[in-house]
Amino acid sequence: MIGKPVYPFTAIVGQEAMKEALILNVIYPSIGGVLIRGEKGTAKSTAVRALATLLPPRVIVRGCTFGCALEDAEHLCPDCRERVEREEKMESETVPMRVVELPLSSTEDRVAGTLDLEHALKKGQKKFEPGVLAHANGNILYVDEVNLLDDHLVDLLLDAAAMGVNFVEREGVSYSHPARFVLVGTMNPEEGDLRPQLLDRFGLTVDVAGEHDADQRKEVIKRRLAFDADSENFIKRYDKQQQSLVDRIVKAREKLPYIVPDEETLDMAVEIVLHLGVDGHRADLTIVKAAVAEAAFEGKDRVEFDHILRAARLALPHRMRRRPFEEGNLDMDKLETWMRELKAA
């Protein structure tokens, strides 16, 4: 079966902050995902679906429901773990990265999966029916209109994303499986917002809007018409740019473990958060992780000032305190001026 053509990531006009946030998360998934807020028709869904094409194929255990990577012994599902303990030979297969979409009408059982209690009682064996989180393991989990999803389901998603594990418990019977994925949520703020407690748990947030430059808007139209008319040739036009970006991401992922944030980086992240009065410690940690990913993407061996600045632009806006009837906006120009003065001091 031939899949639907995917618009190339590198063909998206503008929206640099959105593309940057997505790339940082696939380089360093521990950042905690990204929430993309903006009006309709701003390439949110297009960018997310194109993201999977930038990642190399995965080598998984053939037939595994959870798509376990055999070389990642720490994060195997219960079935694969048992097979390893029995020293059973397991075959592998190569599969492409994919975007798993969560339907807006999903129930908790559809998201987390279910346990067959009758089977457990009769046969003494756990029988698990996998949900969306099982299929998302090792892939990209995309939640469109995340603000319209029930809060307890958003909580469930964020918990799994943070821990890398999905726990299911019914009537004293429990089951857990790996759920390591890049979480991407999109939403239109005009249709309602997320609670601050949920906003804070997304690693990065980007606000997107339509292009205001006439030439850029024309280019958006030209490219979309060209893609719709002949998607195969349009995709080929961007092969080199796509491959170049894929290579950069692969190299960044390889380099990432060797970039250790120094004291100056940690001091700067902490000072920024204290200066802005942001609650909790997620902001500091996210700034540092995003800055490390920025450095890796640029092929640097250490985090530099501009990496911290760019990381702060993505990690802070949704964490700003709000008073009633006020927007939690962040003036990045003022923050940048303050950061440069701090660095020079």
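The values are calculated or read from the model by the stated rules, or taken from the named source; none is laboratory data. Everything quoted here is computed from the prediction, not taken from an experiment. All Cβ positions, glycine included, derive from the backbone under ideal geometry; neighbour counts span all protein chains shown. All accessible areas refer to the heavy atoms of the entire protein, side chains included, with ligands and DNA or RNA removed. Shrake-Rupley method; radii C 1.70, N 1.55, O 1.52, S 1.80 Å.
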TODO: Go through (1) under 27 Å from LEU141 (Cβ atoms); (2) open to solvent by 20 Å² or more (accessible area, probe 1.4 Å); (3) over 22 Å from the mean Cα position of the chain (by Cα) and name the single condition VAL168 misses.
DONE: (2)
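Could you list all residues from segment 66-100 that are charged (D, E, K, R) and surrounded by 17 or more Cβ atoms within 10 Å (Cβ to Cβ)?
Of all residues in segment 66-100, those charged (D, E, K, R) come to 71-72, 74, 79, 81-83, 85-89, 91, 93, 98.
Hits for segment 66-100 are ARG83, ARG98.
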Open item on the list: Name the residue that is surrounded by the fewest Cβ atoms within 10 Å (Cβ to Cβ), counting only residues in segment 128-155 that are charged (D, E, K, R) and within 27 Å of GLU74 (Cα to Cα).
Closed with: GLU129
Open item on the list: Give me the residue from segment 171-187 that is over 16 Å from the mean Cα position of the chain (by Cα) and open to solvent by 20 Å² or more (accessible area, probe 1.4 Å) and, out of that set, nearest to VAL208 (Cα to Cα).
Closed with: SER176
TODO: Give the residues of segment 210-238 that are among the polar types (S, T, N, Q) and in contact with a Pro (Cβ under 7 Å, 6 or more places away or on another chain), sorted by residue number.
DONE: SER231
Task: Residue list for segment 243-302, filter: open to solvent by 100 Å² or more (accessible area, probe 1.4 Å), under 16 Å from ILE31 (Cα atoms) and either β-branched (Val, Ile, Thr) or in contact with an Asp or Glu (Cβ under 9 Å, 6 or more places away or on another chain) (or both) - done: VAL260, ARG282
Task: Filtered residue count, segment 38-93, keeping only those that are β-branched (Val, Ile, Thr) and closer than 21 Å to GLY113 by Cβ - done: 3
Open item on the list: Would you confirm whether or not segment 268-278 contains a residue that is in contact (Cβ under 8 Å) with a residue 60 or more places away in the chain and among the β-branched types (Val, Ile, Thr)?
Closed with: yes
Task: Pick from segment 49-107, criterion of a type in the set (Gly, Ala, Ser) and not in a strand (DSSP E or B), ranking: farthest from the chain's Cα centre (by Cα) - done: GLY63
Open item on the list: I need the full set of residues from segment 1-41 which are of a type in the set (Lys, Arg) and crowded, with 22+ Cβ neighbours inside 10 Å, in order please.
Closed with: ARG37
Task: Top-ranked residue in segment 303-318 [being within 20 Å of the chain's Cα centre (by Cα) and open to solvent by 20 Å² or more (accessible area, probe 1.4 Å); ranked as nearest to LEU198 (Cα to Cα)] - done: PRO317
Task: Checking PRO196 against (1) open to solvent by 70 Å² or more (accessible area, probe 1.4 Å); (2) over 19 Å from VAL34 (Cα atoms); (3) modelled with pLDDT under 90, the condition it does not meet - done: (2)
